[in-house]
Each structure stands twice: as C-alpha cells, then as structure tokens.
C-alpha cells in the first residue's frame, strides 16, 4: 500500500536524520562534562518515536500493549505490567493499591488509617511519600552503611501488631535481600513492594530483583537504565493485583476497558454497584480513589526500542562499576580516603552509579565541588536521611532504633557515573580527578 511505502520512507528518513545530527562529540578532558548518568539513544529509538506519532493515537495504544507484555520477563513475572507516566507514579499506584476498597471484593484486607508501613530512612522521597498520602504511618529503619540497603533483621525487629506492609528501594541498583523479606512477609501476612526504579537487571540469588513482592516498580526517566523520557511501570504479582492497580491508575474506575474501547465486559449498562441507579454506565463507576497516571504510546514506543538494548546497557554499567572499583582500590590514596559501597552479599547489582563514603579528614562538599569544577558530575544519595528534610516536619511517623547510618550517609556519601556512555578515557579521567581532589584537600 502507498501508505506503508510512505511510512517506511519517513522512518528511514528519521534514521538518516539521527545519523547526521546526533553523533557523539569527541571527549576533551577538562572541557567535556561527564554527567553522573545520561540517556543513550540511537536511530531505532527515534524511528520508533516517529512511527508512534504517525498513528496520531496520543494515549496508550499498540506500543503500550507490546511494552506491557514484554517488560515483566525482566522482573521474573508473567502478569502484564501497567505503564504509567513516571516511576513516582508507579510507587503511588502500587502503594495506593494496598488500601483500595476493591480489595474487599477480592477477599483481601485493605490498609486502613493508622496502619504502619515499614520503609527506609535513607533514600528517595517518592518511595515514602505515598505512605503519607494514603494516611498510613511510615516506620523508618536504618540501612547498612556498607551496602546502603536495609538488613532483613532490622525490618523484622521493627514490626508491631499495626504493621501491614513493607516497601524498600534497591539502592542505586544494589539489591537488598528481597528474597528473605518476601518469605518473612508471606509468613507474617504482610504486603511487600519492591521499588526497582534504579535496579533494572539486578538479581537476588538466582532470581531478578522485582520478582518477590506483591508489586515491583520501575522508572524510565532519562537517568535510568532505559528511558522513554518520562515514564514508569508497575509489575503486579498476579491478575488480582493488576485489576486493582489498573483501577488506581485509571481514575479509580471499576471498568477495565482499554482507552478507546467500550463494553469489554459485555454488560456496560447492566451493573448495580454501590448506591448508583441500576444500569449506571460502568465506564463512569468508581470503586477506588484513583488518578489518571497513564503514559502515551509515543513514550511506550521509545521504551520498547530501549528495551531491546537493556542487556547491553546493564552489562556496560556493571563493567564500568568494576573498572572504577578496581581503580579506587589500586590507588593507595583513594583506597585510604574513600570507601566504595559494597555489593549486597548474595546479589548481583545492576549499578545505577558508583557510590562512595568519605573518611575522616576529607570534606565531601569540597570534594564534589572540586569534581564538578573539573567537569565530573556528582550526586548525593538522594535525600539522605529523609527525616532531616523540611517536607517531613510535623508529620506522623515512627522510628525504629537509631538512624546512625542514614545520618552518616547524609554527611559522607556521594556517587559518580557508571552509565553506558562512558568509555575508558572518561573513566580514567574521573579517577584522576578523584585523586586530584583528595590531594587538593590534604595538601
């Protein structure tokens, strides 16, 4: 057909345009900025984006369906994923699903006001925020300074009769022992969510991180392992959880029709729910307090193309982390003044960055300022001890034990990049500037 020929010509043109305009500029030490993480895209990504835009189907469509079907295998799951507009939204959907009234119809007990959810004090806000937003009480535990992750025994010790759920992120792609926590949660009758936004491709034992909880979440922001610009996904453990999460993502509706579809149930005007009139349109019947958190098909198209490169990206991140780790340990000065974060025993990280702790006598702020001045990007461990952040003043929460490591991380920890856009010349320069920055402080 003529339209197919025209489309093929446009897509080839997009690939040609990419080759002419998006070529990699040569690295010039001291002049080219090395970001902590960045998107890595190619001509196929652009072609997928253009292909989806030609459909003029602006909400979720054919690319979304394919992406939602393929993604779960990377997390050891079979139930289709739910594409959302960000990793933060993925956490909001997963956590809010634990309190959905719809759970009662599935013979499950939703969380109620005053219930407790155990989480980590050190990390990113949107792992924790949905707990507050749903009116539950976060219980904050400390993390292991060596790995940046929670220890299962600390989580278990924090439980009270009010505890109903557990949610933790795999920090910077370094997994915690989610297998052990999942076993404990199942035994204790607790819900469990794995935030995998930084950890696509990590494994715990012989299973993927994200394969253990009632939900796993992931982000596709440009900084992450693969990207679709803004975007994220929720991976439910089974169809029952998917039914609930679908509703939370899609306005809280009871209907399960896809966008642009009507009467999937074959009984659109035959329902009697709540105090609504008999036959009230099922498309406008709401069983949960929900949102509209869907992504577009253009985002999904880019994500689908990126997914084809995920294994290569993950391998590059691991290799770059190893090179930096070996370089730090090979330097007497760096190995004395900086402590590299260790992989959690029994896991294989899919590193998001190369995190380090400064030792006594080394000022972190001076070091990261030096590195940035030399064009080496740095980041802190997100919000540090979140309870020191102004947003959480005056809110109701509980702390189990001391948060000593979380405070240490807030004051001593930073990270540099391991992303696939790095090469040997950039990594060598990064190590040189780390050593120069330490020497500058020590005289």
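Every number in this text was worked out from the coordinates using simple rules, so none of it is lab data. Predicted model, so just to flag it, every value in this text is computed and none were measured. Heads up, the Cβs are rebuilt from the backbone with ideal geometry, glycines too, and the neighbour counts pull from every protein chain shown.
State the extension gain, in nm to one decimal, for the chain segment bounded by residue 360 and residue 264, taking 0.36 nm per residue of separation less the distance between their alpha-carbons.
On the way: separation 96, 0.36 × 96 = 34.56 nm, distance 6.38 nm.
Extending this stretch completely gives an extra 28.2 nm.
Provide the descending list of Cα extents for the stretch 310-442 along its principal axes, expressed in whole angstroms.
49, 40, 26
For labels at residue 78 and residue 284 in the simple 7 Å Cα→Cβ model, what's the distance in nm?
Label-label distance for residue 78 and residue 284, simple model: 4.0 nm.
For the peptides 156-166, 340-350, what is the packing order when you average, over each peptide's residues, the other Cβ atoms within 10 Å and list the highest mean first?
Values: 156-166: 17.2, 340-350: 19.8.
Ranked from most to least packed, the peptides come out as 340-350, 156-166.
Calculated from DSSP H runs of 4 or more alone, at -39500 (n - 2.57) each and per residue, what is the 222 nm mean residue ellipticity of the chain, nearest 500?
Values: 14 runs with 166 residues, N = 443.
Mean residue ellipticity, 222 nm, calculated: -11500 deg cm²/dmol.
Where does each of 214-221, 245-252, 75-82 land if you order them by average Cβ count within 10 Å, highest first? Mind dumping the intermediate values first?
Values: 214-221: 28.4, 245-252: 23.6, 75-82: 20.2.
For the peptides 214-221, 245-252, 75-82, the packing ranking is 214-221, 245-252, 75-82.
Figure the gain on full extension for residue 257 and residue 326 (residue separation times 0.36 nm, minus the Cα-Cα span) and round it to one decimal in nm. The partial results should precede the final answer.
Working: separation 69, 0.36 × 69 = 24.84 nm, distance 5.26 nm.
Result for the pair: 19.6 nm of gain on full extension.
If packing is taken as the mean number of other Cβ atoms within 10 Å per residue, what is the order of 14-20, 57-63, 377-383, highest first?
Working: 14-20: 14.0, 57-63: 18.1, 377-383: 19.9.
Sorting 14-20, 57-63, 377-383 by mean packing, highest first, produces 377-383, 57-63, 14-20.
Looking at the chain, what % of its DSSP beta bridges pair antiparallel, to the nearest 5? Numbers along the way, then the final one.
On the way: 24 of 43 bridges.
So the antiparallel bridges in the chain amount to around 55 percent.
Can you tell me the length gained on complete extension of the stretch residue 373 to residue 206, counting 0.36 nm per residue apart and subtracting the Cα distance? Provide the component values of the computation, followed by the final result.
On the way: separation 167, 0.36 × 167 = 60.12 nm, distance 4.19 nm.
Full extension from residue 373 to residue 206 adds 55.9 nm.
For the stretch 107-231, count the residues as N, evaluate 2.2 N^0.38 Å, and divide the Cα radius of gyration by that value, please. Numbers along the way, then the final one.
Details: Rg = 14.1 Å, N = 125, 2.2 N^0.38 = 13.8 Å.
Normalised by 2.2 N^0.38 Å, the Cα Rg of the stretch 107-231 equals 1.02.
Where the centroid of each part is defined by its Cα atoms, how far is the stretch 256-290 from the stretch 212-254 in Å?
Between the Cα centres of the stretch 256-290 and the stretch 212-254 lies a distance of 22 Å.
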